[in-house]
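Working notes for the structure below.
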Amino acid sequence: MIGCELLVDISEALGIAKESTSPFGNINIIFAGDFCQLPPVKNTRLFSAVNKLTEKPSDSQTEDGQKKTKGKALWLQVTTVVLLIQSMHQAGPENQRFWELLDRLHFGKSEVVLTRPQWHNAPIITSQNAVKDALN
């Protein structure tokens, strides 16, 4: 996943390559990915709230804080979005139940009741250390 900081690096590299001061060197970019997957590593999520990009007001004066804000501004310039809503990997009637499960997980509508005894000692996997530390 691309984060705000990496988006700035990509834009600047394309600007140098194309000798342009326009975002992304004034070329068209196609972004593809799944926002429901893991967050970017050591980067700020592209869909982070603008007021959450810097922890405290003084952060906006740092190079890192400015890079986060610039990356968010670049992302907000994306004007055309195509959503793919049909899964081709799980197509077919034999995968209907699996597709429905993925859809429920995507929208946070799980039918599993975690208070049942069978889940008491189940491992919990998370992409965030703070959540892992709180649970373990």
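Some points to look at:
- √(5λ) per eigenvalue of the Cα gyration tensor, segment 93-135, largest first, Å: 25, 15, 9
- The chain - convex hull of alpha carbons, volume per residue in Å³: 165
- Trypsin sites (Lys or Arg not before Pro) within segment 57-128: DSSP coil, no more than 16 neighbouring Cβ in 10 Å: Lys109
- Charge tally for Gly25 (other residues, Cβ to Cβ under 14 Å; Lys, Arg +1; Asp, Glu -1): -2.
- A simple spin-label model places the labels of Ala49 and Glu111 3.4 nm from each other, with each point 7 Å out along Cα-to-Cβ.
- Between Ser127 and Leu76, the modelled labels are 2.3 nm apart [label points 7 Å from Cα along Cα→Cβ].
- 222 nm mean residue ellipticity, helices alone, for the chain (DSSP H n ≥ 4; -39,500 (n - 2.57); rounded to 500): -10500 deg cm²/dmol
- The count of lysine pairs in the chain with alpha-carbon distances below 14 Å, taking only pairs 8 or more places apart or on different chains, stands at 7.
No value in this document is a laboratory result; all are computed from the given coordinates. Since this is a predicted model, take the numbers as computed values, not measurements. Note: ideal-geometry Cβ built from the backbone for every residue, glycine included; neighbour counts use all protein chains shown.
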